[in-house]
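Read through the structure below, which is laid out as C-alpha cells, and then see the notes.
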Amino acid sequence: MLTFQFSKAQTLADAIKMVCVDNKHHAADELFQKLYTASPKDPEVVYWYVQSLIDGNPTKEELNKANQVIQKALNEGVNAPLLWVASGHIELLNGGDINSAKQKFEQAITATKTRKGENPVILAAIGRANADGGSTIGDPNYGIEKLRRAVELNKTDPDIYVSMGLCYRKLGSDFGGQAVQAFTEAINRDPKCAKAYYQIGKIYLSQSNKDALEENFNKALNADPTFAPAYLSLFTYYADKDVNKAKGYLDSFLKYADKDPENDFFYADYLFRAGKYNESIAKAKEIEANTVAKPLPKLNGLYAFDYDRLGDSVKARYYIQKLFETAQPKDILIEHYNLAIKIFSRFPGIEDSAIVYIQKAMDADTLKTDKINYANQAADIWEKAKNYPEQLKWLQKVVALKGSAGEYEYYKLATAAFNAKDYVQTMSIAKDYINSFPDKPQGYFFNVRAAKLIDTATAIEPLIQQNDFLMKDTTKNKKIIFNNDYFLLVYYAEKLKDNTKALEICDKMLELYPTPGEENEFVLKTKEVLEKALSAPNNKQPVQKNDNASKKSSNKQSPK
C-alpha cells in the first residue's frame, strides 16, 4: 500500500508539473483523468483534476464539467477545504458572487488553521483562483493578501510568486513593476522557472519593448528549451514584422506544443501573414474537417482575413459575422473588430453595423488613443453617408475622450452641426471656437452663417463681431465687411426704422469704398434717401431697397 501511495504521489506531481511548469496540457489531462478514475475521493486528486479542466480560458461546458466533479465529490462525503476553494474558483470564473466565493475561501482557511497558522496550500490555491481569468475575474488584492501569507509559510514554491505576479498584472499597467518583482522572486526560488521569465516577457510585450521582451522570452527558453508558450509569443510578435523570423519560432512552437488542431491554427495564420491566402484557406479547411466534434470558431476570423485580402468582400463579411456569432470572447481580438469595421464600411446602407463593431472595439480596447481613432472612424462613416447628426455625436465623443478641442476639432464640429442644419448648436460651437482661437477666422464665419439661417435679429451681433475681427485687414476683407454692412444697413433701416443708425453704417461703408465706383455710388444714393427720410416731417420714411447692391459673397472658408 505504501508503494502504491508513493507511486500515486509521484504520478500526481508529474501531472501537476505538466500543467504548472511544462504547459503539456493534453498529456496532463489524460493523466489527471486516470488518477481521478482511480481515486475519485482523493481531495488533492479531485482539486488538480478540476484545475486541468479549467486551465486556459475554459468554455462554459468545461466549467460545468469541473463543477459537476466537485459537487459529486462533496455529495459523496469528500467535504474537504481544498474542494471548497475549487468551488469558489469555479464561481469566480463563472462571474458569480465574489462575496460568496470569498466566504468559501475563508471557511477553508479557518478549517485548516493550526497552532502554526494557516495552511499554505489553501492560501496558494485561493491566490491561484484570484489570479486566474481576465481583469474582471476575482479580487486580485484579496489574492495578493493571501499569497503574501503563503510565501511566509512556504519558502520554496515559486508558483506562489507566479500567482502573485498575475494578480498584480490584473491591477493594471501601474502595477507592472510589482508584477515583475513578484515573478523575479519566483526565479530567485527556482532559476529554471521558465513560466516566470515568460510572464515578465509578456509584460514587456504589452509595452512593445522589443529588447526586454526578447531577453525574457529567451531566458524562459534557456531555462526550458521545450517551453512552447515563449515560442508562440515570439511568433506572434514577429508575425506582422518579419514573417520569416516568425516562421522559425512557429516551427519550434509546433515541435514542442501539444498536438492539437488549435495549435495547427497558427500555421494557417502564418500562411495568411506570408501572403499565401489560398493556402491559408486550404489549411483552415483541413483543420475544420478535423474539429467537427469540437469546432474552432476562430477559423471564421481567419477565413474573413483571407477573403478580404483576396478582394471577396461578400465572403469576408459572411465569415466575420459568423465569427462574432460563434466565438467566445477570448477568441475575438481587436483585429477582428477592425476587420469588421473595414468590411461593413464598404456596404452602403448598413453603416449601423459598422458602428456596432466600432463601439465593441472601443469597449474592448484600453488605450485612449485607440478609442479616439475608433470614434473618428465612426464620424467619417457617418459623414460619408451624409448622416450629419450622427457624425456630430461621434465628433463630440472624440472631444470628450481627448478632454479638449483643437482648432481642427472645432472646425469639424461646426461643419457637422451646420450640415446637420442644427444652427443653434453651430452657433454654440462657433462661440467656443472664437473663445479658444480668437485670431482664426472660421469661428466668426460659422457663427454668422448659422445666425442668418435662424433669423435676421440673431445675426446682428455675430455680424458686428465678425466685422471687428475682419477690420484687422481691411484691404483683404473689405468685400466681406461691405456685404455684412449692407445686411446691417437693411436691418436698421427697414426692420427697426432706425435711419440714424443706418446712416452710421453708410459712413462705415464709404470708408471702405471712398472713391467712385459701384459700391461707392450705391452707398451715396442710399445715404441720400436716408437723409431725406430723416428730414421728412413724420421722420418715418424707410429706405428703399437698391437692387444694384453687391451680391453677398460666400463666407465659407477652411482652416489655413
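Points to keep in mind about this one:
- Counting only helices (runs of 4 or more DSSP H) that sit wholly inside region 67-163, those with at least 1 residues that are in contact (Cβ under 8 Å) with a residue 12 or more places away in the chain, farther than 24 Å from LYS17 by Cα and out of contact with any Gly (no Cβ under 6 Å at 6 or more places or on another chain) are 81-93, 98-112, 140-153.
- Elements of the type helices (runs of 4 or more DSSP H) sitting completely within region 321-401 and holding at least 2 residues that are within 16 Å of the chain's Cα centre (by Cα) and closer than 30 Å to ILE54 by Cα: these cover 334-344, 351-364.
- For region 417-467, a residue qualifies if it is among the aliphatic types (A, V, I, L, M) and touching a Lys or Arg at 6+ places or on another chain (Cβ under 9 Å), and the qualifying residues are ALA430, ILE434, LEU453, ALA457, ALA459, LEU463.
- In region 224-272, residue surrounded by the most Cβ atoms within 10 Å (Cβ to Cβ) [restricted to those that are small (Gly, Ala, Ser) and not in a helix (DSSP H, G or I)]: ALA257
- Candidates LEU367, LEU392, LEU339, LEU323 - the one that is at pLDDT below 90 and not assigned by TED's automatic domain parsing to the domain that holds ASN435: LEU367
- Within region 9-28, one or more residues are modelled with pLDDT under 70 and more than 23 Å from GLU262 (Cα to Cα).
- Condition check for LEU395: buried (at least 22 other Cβ atoms within 10 Å of the Cβ) and either farther than 26 Å from LEU339 by Cα or of a type outside the set (Asp, Glu) (or both): yes
- Selection from region 278-320 of residues that are assigned to a helix (DSSP H, G or I) and acidic (Asp, Glu): GLU279, GLU286, GLU288, ASP306, ASP308
- Region 254-269, residues that are without any contact (Cβ under 8 Å) to a residue 60 or more places away in the chain and either among the β-branched types (Val, Ile, Thr) or within 21 Å of ALA282 (Cα to Cα) (or both): LEU254, PRO261, GLU262, ASN263, ASP264, PHE265, PHE266, TYR267, ALA268, ASP269
- Any hit, region 208-219, residues being outside any helix (DSSP H, G or I) and within 27 Å of LYS276 (Cβ to Cβ): yes
- Within region 88-121, restricting attention to residues that are of a type in the set (Asp, Glu) and within 18 Å of TYR47 (Cβ to Cβ), the residue that is surrounded by the fewest Cβ atoms within 10 Å (Cβ to Cβ) is GLU106.
- Single residue of region 53-87 satisfying the filter (within 28 Å of the chain's Cα centre (by Cα) and surrounded by fewer than 20 Cβ atoms within 10 Å (Cβ to Cβ)) that is modelled with the highest pLDDT: LEU63
The values are calculated or read from the model by the stated rules, or taken from the named source; none is laboratory data. What you see is a predicted model; the values in this text were computed from it and never measured. Positions of Cβ are generated from backbone atoms using ideal geometry, with glycine treated the same way; all protein chains shown enter the neighbour counts.
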